Amino acid sequence: MQMTKITLIRTPSLFAAGALTLSAIPPLGLAYLASSLRERGYQVKIVDAVAEAISQVRPAGYKNLHINGLSVEDILQRIDADTQYLGVSFPFSHEWPLAKQLVKAIKARWPHLKIFGGGEHITAMPEFSLRDCPVIDVACLGEGEGTVVALIDAWESKKPLSEVGGIAYLDAKGGYQLTTKRERVRDIDDIPLPAWDLVPLEVYLSGGYSFGVNIGRTVPLLATRGCPYSCTFCSNPSMWTTLWRARKPQQVVDEMQEYVTKYRAENFDFYDLTAIVRKDWTVEFCQLLKERQLNITWQLPSGTRSEALDDEVTRLLYETGCRNISYAPESGSPEILKMIKKKVDLDRMIVSMRAAKKNKINIKCNIIVGFPGERLKNILETYLFILRMSWAGVDDVSVWTFCAYPGSAIFNDLVKAGRITRFDDDYFYSLLSYSDLRNVTSWNEYFSGDQLRFLRLGGLLIFYSSTYLFRPWRFFTSLKNIFTHQPRSRMEMIVEKALFRHRKS
Ligand code: B12
Ligand code: SF4
């Protein structure tokens, strides 16, 4: 009997020429999906359009945007004629215009294919996405493992789509149908480990591509899923709900050990939304890691909370190889923090940062300026907090401008208030201004995009000038790290990449 064939696609990535964040890292979400489908008995192939042409960059033909990865024609050629189902990941809203063109081209070449999509973007805008790109048969919302398996099972057994939980589709009359919500997986240890054997992982490992600072062959990991908080600028509460679940520490350490043996992994980047929530979990994880003596490093590059990060925990983190942590205070203004429902205590966070620094961990902090309603007074408070972080010894601060991401509460408010009216390409591309130093779109009533750009640069200037003033030796250490190709902080990594980029290509 012929096996059912499914192809999963990671689309090429889109970035602005002035962007500081790179997107060439292994597609963890797709690797997880592939594994669940394979375990169910389906034959799965992943086309990773970024890894398969990692050094191919071409202008997108719009403003200063560039595309990294395979061309549409190259992707079409990689889809086998006997594939029955095709899944596409849509993690970023700013990539929607590009990704949608690709999906339309695939359907034109392979009209028999049933196409399904998933990821952060399509979860936030399912009806819009289905109508804007009607060749997508089904949108899978939220966590994908259970949904894809149920969907393919339903298609295979000719069961109606209405019986599959967690999806949306347009019916024969063009009516929008949303099925019952699918529960998040509660025992996340039951989710099969990512199918890295289906991804060209070595391209990322040997090329030095990482989410955190590049300090060795890096494999991504997830120790937890979800986040218990509900910040209004963040799309995660609607994507993952507020259910936070952690894997058993033992399972995470086993997975790390497996990658050390299989892929010669030297460093692990945790992609968790909020990895460190419980102190007891973190302590148990570190103790197990210590016992294994894996001789690896690990990092927490996505912004984390600080409540559980005290002197004892940060010491343990360092002893077990943790070298970089990102904190996410987002603002230094108590008024703004309240408005965006970011439940952080800034004084406690500074105490936690000092403890991490004392224990030799590099720290990066994320700041956002330009929230709707934010005034100069609030931004000045944030500048003051930036100075406090610099005094506390923080190594890097990223100052971003606020972006209204679909799925977030602020986005919904802006739509209701009639301030976002059109979802055209300009709107989606404007979301990239978050990581683009040259172009900023303002969603704030008091500042224009150019003013916010200036205020963001002001924040960066305050941080980096004060940090070298408070600790002049750091300047020389940074120079040494850059020129010996051993960046230890984010800024060093960015400068090293900018100066020696040709070596990588
Ligand atoms: C790692 C990461 C990155 C990496 C690269 C991500 C990548 N290309 O794969 C880097 C550091 C480069 C990055 C950069 C940016 N990121 Co980022 N990133 C993440 C992060 C932390 C983890 C993604 C991940 O792997 N999650 C774990 C896996 C298991 O989850 P998943 O990918 O969502 O997949 C699951 C489901 O979505 C679903 N699914 C996914 N694909 C598919 C496909 C099908 C067919 C189906 C059925 C289901 C399905 O099933 C999967 C398994 O359950 C997320 C937040 C988060 N934790 O999710 C933000 C996130 C994706 N990033 C975000 C943003 C905004 C950015 C930036 C624009 C800004 C920034 N923060 O710097 C830049 C832009 C990059 C660029 N192109 O210039 C937003 C996206 C919001 C949006 N609507 O666009 C997120 C959601 C964070 C947030 N809430 O703000 N990011
Ligand atoms: S910003 Fe961070 S803490 Fe807030 S809801 Fe999103 S993931 Fe959770």
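The values are calculated or read from the model by the stated rules, or taken from the named source; none is laboratory data. The structure presented is a predicted model; accordingly, all values stated were derived computationally and were not measured. We place every Cβ from the backbone using ideal geometry, glycine too, and count neighbours over all the protein chains shown.
A few notes on this one:
- Pairs are defined by a Cβ separation below 8 Å, a sequence spacing of at least 6 or placement on different chains, a first member in region 215-241 that is over 30 Å from Glu258 (Cα atoms) and in contact (Cβ under 8 Å) with a residue 12 or more places away in the chain, and a second member that is within 10 Å of ligand 1 (Cβ to nearest atom) and among the acidic types (Asp, Glu); the pairs so defined are Ser235/Glu120.
- Identity of the residue in region 213-259, near ligand 2 (Cβ under 9 Å from one of its atoms), outside any helix (DSSP H, G or I) and polar (S, T, N, Q), that ends up nearest to the chain's Cα centre (by Cα): Ser235
- Taken across region 436-445, residues that are assigned to a helix (DSSP H, G or I) and either buried (at least 20 other Cβ atoms within 10 Å of the Cβ) or more than 15 Å from ligand 1 (Cβ to nearest atom) (or both) do not occur at all.
- Test: residue in region 103-118 that is within 16 Å of ligand 2 (Cβ to nearest atom), in a loop (DSSP other than H, G, I, E, B) and not small (Gly, Ala, Ser): no
- Qualifying position, being part of a helix (DSSP H, G or I) and either touching a His at 6+ places or on another chain (Cβ under 9 Å) or not hydroxyl-bearing (Ser, Thr, Tyr) (or both), among Ala172, Ala168, Ala154: Ala154
- Taken over region 269-306, the criterion of being outside any strand (DSSP E or B) and within 16 Å of ligand 1 (Cβ to nearest atom) is satisfied by Tyr271, Asp272, Leu273, Thr274, Ala275, Ile276, Val277, Arg305.
- Selection from region 400-409 of residues that are buried (at least 23 other Cβ atoms within 10 Å of the Cβ) and closer than 30 Å to Pro487 by Cβ: Thr401, Phe402
- Each residue in region 57-97 was checked for being buried (at least 16 other Cβ atoms within 10 Å of the Cβ), hydroxyl-bearing (Ser, Thr, Tyr) and touching an Asp or Glu at 6+ places or on another chain (Cβ under 8 Å), and 1 pass.
- Ser433 meets the conditions (1) in a helix (DSSP H, G or I); (2) more than 12 Å from ligand 1 (Cβ to nearest atom); (3) in contact (Cβ under 8 Å) with a residue 24 or more places away in the chain in every case but one. The failed one is (2).
- Any hit, region 177-200, residues being in a helix (DSSP H, G or I), within 26 Å of Glu52 (Cα to Cα) and free of Cβ contacts under 8 Å to residues at least 24 places away in the same chain: yes
Conditions tested, residue by residue: (1) at pLDDT below 95; (2) within 13 Å of ligand 1 (Cβ to nearest atom).
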| position | (1), (2) |
| --- | --- |
| Gly144 | no, yes |
| Leu161 | no, no |
| Pro220 | no, yes |
| Ala223 | no, yes |
| Pro228 | yes, no |
| Cys231 | no, yes |
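- One residue stands out among those in region 252-268 that are under 16 Å from Pro26 (Cα atoms) and of a type in the set (A, V, I, L, M, F, W, C): the one that is nearest to ligand 1 (Cβ to nearest atom), which is Phe268.
- Thr421, sole failed condition from (1) in a loop (DSSP other than H, G, I, E, B); (2) β-branched (Val, Ile, Thr); (3) under 25 Å from the mean Cα position of the chain (by Cα): (3)
- Failed criterion for Val394 (all others in (1) of a type outside the set (Gly, Ala, Ser); (2) buried (at least 23 other Cβ atoms within 10 Å of the Cβ); (3) under 14 Å from Glu330 (Cβ atoms); (4) in contact with a strand residue (DSSP E or B) (Cβ under 6 Å, 6 or more places away or on another chain) hold): (3)
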